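Input: a single structure, listed below in structure tokens.
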Amino acid sequence: MGLLKGAILSRFLVLLFLNVLLVGSVCGIGVNWGTQATHPLSPSKVVKLMRDNGIQKVKLFDADPGILDALKKSGIQVMVGIPNDMLYTLANSLQAAEKWVSKNVSAHVSSGGVDIRYIAVGNEPFLSTYNGTFESTTLPALQNIQAALTKSGLSNKVKVTVPLNADVYQSSSQKPSDGDFRTDIHDLMLQIVKFLSDNGAPFTVNIYPFISLYADANFPVDYAFFSGFQPAIDDNGKAYDNVFDANHDTLVWALQKNGFGNLPIIVGEIGWPTDGDRNANFVYAQKFNQGFISRYATGKGTPMRPGPIDAYLFSLIDEDNKSIQPGNFERHWGVFYFDGQPKYELNLGSNRGITGAGGVDHLAKKWCILKPNANLNSDEVAPSVAYACQNADCTSLGYGTSCGNLDIKGNISYAFNSYYQINDQMDSACKFPGLSMITDKDPSAGNCRFKIMIQTDSAGIHGRIGLLGTLVLFVFLFFTIM
């Protein structure tokens with residue numbers, strides 16, 4: 001009898017140990033790795049950055065072969081992405097889906113040692129701003145990718161999902177229990193949810209409390225964080241003191257009402273930007289991200305889903321070439337600057353701060369600024385600044401931003417320098433007629449950083465673009481002034 005008890009206990013401990021390993025591998029903090037940057041860090045440096053900081057999962061927005069090669073045998077779980085502009089082709093051709101899976105998944109999993117766990121089919125394809133563009137292609141593309149995975153023998157290891165914005169569901173009140181899917185896509189959402197459920201796949205949602213604050217001037221600031229906002233919203237005995245929990249559980253209720261209450265949920269994107277808006281700053285970003293990570297590390301979920309949350313921070317590194325149509329903050333979501341250096345203190349759960357990227361070389365310490373004696377009344381000032389900002393990044397300028405306190409000369413200098421750095425400090429990129437000059441004195445002031453660009457493998461390309469850009473600049477200014 002004692003031997004039997006011992007065997008049962010041993011079996012229990014083994015199962016418990018394996019379960020701990022499984023939970024650890026699935027629930028480690030993840031990050032989004034976007035690549036819309038003029039001077040991206042090399043994939044090998046980014047992978048090392050993630051490993052140095054104990055990051056166990058990464059979500060990609062495409063299936064770049066260089067990035068996947070760098071992730072070989074890294075121990076990092078991967079979600080590869082399919083951009084929205086590929087949905088039509090994949091929806092209309094099973095052969096195209098099979099070819100995509102073979103090239104971007106099978107080849108890397110079978111022989112390359114890349115731990116691909118998910119395929120993200122599209123990225124927020126049902127955003128209301130898309131006006132239904134991808135509504136007819138998302139589900140067929142999802143079905144064809146799943147069929148391709150099944151044919152390749154990978155369907156048990158690699159799961160499909162569709163990262164969706166939180167606008168696909170809504171509540172008729174402030175209470176999560178009144179949640180349901182958006183009326184215009186309700187039937188489509190149920191088809192997708194059923195397909196995910198049938199194939200053992202998760203529902204992926206992007207939740208952004210920052211956007212709630214950005215979109216509504218009357219939104220209570222403290223409700224966006226994890227500080228215990230009062231009075232909490234009472235929903236049939238469940239208390240909601242932060243908007244993340246309320247938003248997440250609105251989705252849980254939408255799933256539950258439609259018969260899919262047990263469908264796994266992945267939070268595909270969550271984070272806070274550091275610039276480009278009055279509420280986008282280091283203090284708020286640190287407060288939000290650390291608050292979320294601290295809850296995450298303890299395994300505390302939401303009132304409706306109290307277990308561990310599977311989530312990916314948005315984002316790992318700033319992207320200075322992202323579209324700013326949603327807002328100037330879009331280029332400042334990174335926990336790290338464009339050069340891989342941390343913006344603020346953050347504990348990812350390892351009881352130590354984050355570590356910056358090593359071996360990153362910057363260009364020379366020189367900047368392009370407005371000449372001290374430049375004529376601010378010159379007809380060339382406005383078109384020069386407009387051109388620089390259109391072709392570089394001026395999202396740190398404006399009310400409430402990191403460079404919002406610059407005077408007019410500082411604003412002009414910032415615009416000139418941004419263009420100069422993006423064009424690899426080419427002398428020809430600091431030739432704004434009668435206005436600009438190169439200096440070796442750092443013009444940064446307070447929290448406003450005049451960046452120095454990093455050296456990349458594509459510097460020669462940027463240099464050639466710089467020469468072409470200068471020619472375009474002169475043509476632009478000529479016709480503007482004429």
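The values are calculated or read from the model by the stated rules, or taken from the named source; none is laboratory data. Quantities reported herein were computed from a predicted structural model and do not represent experimental measurements. Every residue, glycine among them, receives a Cβ derived from its backbone with ideal geometry; neighbour counts consider all protein chains shown. Just so you know, the surface numbers come from the protein's heavy atoms only, side chains and all, with ligands and any DNA or RNA stripped out. Shrake-Rupley method; radii C 1.70, N 1.55, O 1.52, S 1.80 Å.
Structural remarks
- The single residue among L94, L41, L71 that is surrounded by fewer than 21 Cβ atoms within 10 Å (Cβ to Cβ) and of a type in the set (A, V, I, L, M, F, W, C) turns out to be L94.
- Any hit, the range 389-406, residues being open to solvent by 10 Å² or more (accessible area, probe 1.4 Å) and of a type in the set (D, E, K, R): no
- Filter pass, E380 being touching a residue at least 40 places away in the same chain (Cβ under 8 Å) and either under 30 Å from L313 (Cα atoms) or out of contact with any helix residue (DSSP H, G or I) (no Cβ under 9 Å at 6 or more places or on another chain) (or both): no
- Any hit, the range 111-126, residues being part of a helix (DSSP H, G or I) and modelled with pLDDT under 95: no
- Hits in the range 407-425 (condition: surrounded by fewer than 24 Cβ atoms within 10 Å (Cβ to Cβ) and in a loop (DSSP other than H, G, I, E, B)): D407, D424, Q425
- Annotation note: Cβ proximity below 9 Å between a residue of the range 300-327 that is over 19 Å from W253 (Cα atoms) and a residue that is at pLDDT below 95 and open to solvent by 60 Å² or more (accessible area, probe 1.4 Å) (sequence gap 6+ or interchain) occurs for Q325/T129; P326/T129.
- The single condition among (1) buried (at least 18 other Cβ atoms within 10 Å of the Cβ); (2) more than 21 Å from F126 (Cα to Cα); (3) in contact (Cβ under 8 Å) with a residue 24 or more places away in the chain that D249 does not meet is (2).
- Contact annotation: no residue pair with Cβ atoms under 8 Å, 6 or more positions apart or on different chains, pairs a residue in the range 448-467 that is on the phi > 0 side of the Ramachandran plot with a partner that is modelled with pLDDT of 90 or more.
- Qualifying residue in the range 313-330 (condition: open to solvent by 30 Å² or more (accessible area, probe 1.4 Å), in contact with a strand residue (DSSP E or B) (Cβ under 7 Å, 6 or more places away or on another chain) and outside any loop (DSSP other than H, G, I, E, B)): yes
- Applying the criterion of being under 15 Å from I266 (Cα atoms) and open to solvent by less than 10 Å² (accessible area, probe 1.4 Å) to the residues of the range 203-217, the residue that is nearest to the chain's Cα centre (by Cα) is N206.
- Count of the range 245-273 residues which are in a helix (DSSP H, G or I), of a type in the set (V, I, T) and in contact with a strand residue (DSSP E or B) (Cβ under 6 Å, 6 or more places away or on another chain): 1
- Checking A297 against (1) within 30 Å of G237 (Cα to Cα); (2) touching a Gly at 6+ places or on another chain (Cβ under 8 Å); (3) in a loop (DSSP other than H, G, I, E, B); (4) open to solvent by 20 Å² or more (accessible area, probe 1.4 Å), the condition it does not meet: (3)
- Considering the range 127-186, the residues that are of a type in the set (S, T, N, Q), touching a residue at least 60 places away in the same chain (Cβ under 8 Å) and not in a strand (DSSP E or B) include one that is nearest to G259 (Cα to Cα), namely S177.
- Residues located in the range 272-322, provided they are farther than 11 Å from V335 by Cβ, among the hydroxyl-bearing types (S, T, Y) and under 19 Å from the mean Cα position of the chain (by Cα): Y284, Y296, Y312
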